[in-house]
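Working notes for the structure below.
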Amino acid sequence: MLLKRKVYLSLILAVAAPLAISTLIFSNSIRSNTEEKLAKVDLPTALSEVKSQIELELSTPIVVGKEIAQNLFVQQWMNNNEDAQSRGKFIDYLKHIKD
């Protein structure tokens, strides 16, 4: 009886040990490959897409802001301490830009 148990135990260990070792090696390999792909491919691609979306959304307001800042009428209006007489023209100008 004792010999049968030892044989069964030996057979179980002979099957289970290599299976456990190969499973551990495989899982480490999968994890390593996944981390490498994530760091070298997926993350840079996602960041590039986010950057492109941000640049796309900000490009129009930046261009409009630069045009307003360089507009001679706006500069004169500001140099004249933003006088009330020209305020209506300035508001009309901003409405025109908004549309």
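What Rg and what Dmax come out for the chain when only alpha-carbon atoms are used, in angstroms?
Computed over the Cα atoms of the chain, radius of gyration and Dmax are 35.3, 110 Å.
In debye, nearest 20: dipole of the chain around its Cα centre with unit charges on the Cβ of K, R (+) and D, E (-)? Walk me through the numbers on the way to the answer.
Working: 12 positive and 11 negative charges, 215 e Å.
Using only the charged Cβ atoms, the result is roughly 1040 debye.
Select from Ala84, Ala46, Ala69 the residue whose mean-square fluctuation is largest in a Gaussian network model of the chain (Cα-Cα springs shorter than 10 Å).
Ala84
Would you work out which of Ala14, Gln85, Ile25 lies farthest towards the positive end of the dipole of the chain? Charges go on Cβ: Lys and Arg +1, Asp and Glu -1.
Ala14
Any read-out appearing in this document is the output of simple, stated calculations on the displayed coordinates, not a laboratory observation. In this text, all values refer to a predicted model and were calculated from it rather than measured experimentally. Cβ coordinates were reconstructed from backbone atoms using ideal geometry, including for glycine residues, and neighbour counts include every protein chain displayed.
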